[in-house]
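K.L.:
A single structure is presented below for examination.
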Amino acid sequence: MIGEVIRLSTTDPAAPVTPAVPAGVDDQPAAPERERAVGSTEVLCFLLILIGILHRPIGALVANPRLQTWLTVFVSVMVQATPFLVFGVVLSAVIAVFVPRSFWARALPRHPALAVPVAGMAGVVLPGCECGSVPIAGSLIRRGVTPAAALAFLLAAPAINPIVLTATAVAFPGNPEMVAARGGASLVVALLMGWLWLRLGRTEWIRLPHRAHLDGLPRMTAFWTACRHDIIHAGGFLVVGAMAAATINVAMPQQLLHDLAARPLLSVLALAALAVLLSICSEADAFVAASLSQFSLTARLAFLVVGPMIDLKLISMQAGMFGRRFAVRFAPATFTLAVLVAASLGTVIW
């Protein structure tokens, strides 16, 4: 009877079928878990331990006065520039993700020559510095804005926005004409460079870095992806520029500045070159210019016009954002035009 029941249960089509398990499967070892890669937390812990072990040699090294000056300049450039770089990166991501391409077709004139002054004047309403304007200009080009207009914004925004002009007025209370001279000269240089790009610039000179394709991603995911990409890319070049500025600041003989101040033509070129080397943020450079009282107002105007447009950190960031072929052409042309416009306007006013 028991055998019959067993036979019927094995032939019943409604009975559940248990899949056959090959012999020895249970005996196979489980697949080994993937080893966790070394992350930033482990690196930070290693560095902290290393500093703890080598604290005495490191303390003696940092006690060197020249190194302390280098660290002070480096940290000051980073502290001044980083908040505005973050602002520019966030605004760049907003433009890339939330602003449709059709907006720029409606906001800017169709003729590129007319789009240049409109983009240049847009810098008045964006309180940012030169570090933030670089990723914004790159994002504008990605969204279809003509490079000439984007470059006009890149040069004008750091020098004609209300924060910078207010700081200039505070730094030069006895010379209110310095505010108008700085804003006017900076805007003229930006527009001339935009129109010069229309005349002589080539599209192949600009090579924007590859950014992960954002189309098809949820908006917030695309936003954070764009932010993460740009802050890592632009931030690295900012560090390189800040290190170069700190090195130049320590190595430059102070007596050289006093000798150059006595020569009008050389003083203009000297302060223009100094603006490139020091790489001071546009929100703070007016106070540095005011402290250089041994130089003429024209020379200090050149310092204020050149600095926000081209300096060591900007050359580094522009090379990273637009490519080296662009930077080696754009930087010298901007410097030359900025010096000529500032010197000409300063000669007329003072």
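K.L.:
Tell me, what is the FRET efficiency for Val240 and Ile49 to the nearest 0.05, using R0 = 30 angstrom and their Cβ-Cβ distance as r? Display every interim value, and only then the final one.
P.N.:
Numbers: r = 27 Å, r/R0 = 0.92.
Given R0 = 30 Å and the Cβ-Cβ separation, E is 0.65.
K.L.:
With a ≥ b ≥ c the root eigenvalues of the C-alpha gyration tensor of segment 60-349, is it rounded (a/c under 1.5), prolate (a/b larger than b/c) or oblate? Write out the running numbers ahead of the final one.
P.N.:
Numbers: a/c = 1.95, a/b = 1.35, b/c = 1.45.
Verdict is oblate for segment 60-349.
K.L.:
Averaged across orientations, what area in nm² does the convex hull of the alpha carbons in segment 90-177 project? Provide the component values of the computation, followed by the final result.
P.N.:
Details: hull surface 23.7 nm².
Its average projected convex-hull area is 5.9 nm².
K.L.:
If a/c stays under 1.5 just call it rounded; otherwise compare a/b with b/c (prolate if a/b is bigger, oblate if not). Do that for segment 270-350, with a ≥ b ≥ c from the square roots of the Cα gyration tensor eigenvalues. Display every interim value, and only then the final one.
P.N.:
On the way: a/c = 2.97, a/b = 1.64, b/c = 1.82.
In terms of gyration-tensor shape, oblate.
K.L.:
Can you check what the net charge comes to around Leu278, using other residues whose Cβ is under 11 Å from the Cβ of Leu278 (Lys, Arg +1; Asp, Glu -1)?
P.N.:
Numbers: positive: Lys313; negative: Asp285, Asp311.
Once all neighbours under 11 Å are counted, the net charge is -1.
K.L.:
Rank these for me by crowding, Glu283, Glu204, Glu130, going from fewest to most other beta carbons within 10 Å. Display every interim value, and only then the final one.
P.N.:
Values: Glu283 23, Glu204 9, Glu130 30.
So the residues, fewest neighbours to most, are Glu204, Glu283, Glu130.
K.L.:
Additional query: Which net charge results when you count Lys and Arg as +1 and Asp and Glu as -1 among the other residues whose beta-carbon is under 15 Å from that of Gly307? Mind dumping the intermediate values first?
P.N.:
Values: positive: Arg182, Arg300, Lys313; negative: Glu130, Glu283, Asp285, Asp311.
Computed value for this residue: -1.
K.L.:
What ranking do Asp311, Asp259 get, fewest neighbouring Cβ atoms within 10 angstrom at the top? Display every interim value, and only then the final one.
P.N.:
Numbers: Asp311 28, Asp259 12.
Listed from fewest to most nearby Cβ atoms, that is Asp259, Asp311.
K.L.:
While we're on this one: Between Trp224 and Val94, with labels modelled 7 Å along Cα→Cβ, what's the label distance in nm to one decimal, could you check?
P.N.:
If labels sit at Trp224 and Val94, their model points lie 1.9 nm apart.
K.L.:
Taking the Cα-to-Cβ direction at Thr347 and at Met252 and moving 7 Å from each Cα, how far apart do the two end points lie in nm?
P.N.:
2.4
K.L.:
May I pose another question? How do the peptides 218-225, 331-338 rank, highest first, by the average count of neighbouring beta carbon atoms within 10 Å per residue? Kindly include the intermediate steps, with their values, before the conclusion.
P.N.:
Working: 218-225: 13.6, 331-338: 19.0.
Result, highest mean first: 331-338, 218-225.
K.L.:
Under a plain spin-label model, where a point goes 7 Å from the Cα along Cα-to-Cβ, how far apart in nm are Ala169 and Gln294?
P.N.:
Reported label-point gap for Ala169 and Gln294 is 3.2 nm.
Computed from the coordinates by the stated procedures, all read-outs in this text should not be read as laboratory data. Small disclaimer: the values here were computed from a predicted structure and weren't measured. Cβ: placed from backbone, ideal geometry, glycine included. Neighbour counts: every protein chain shown.
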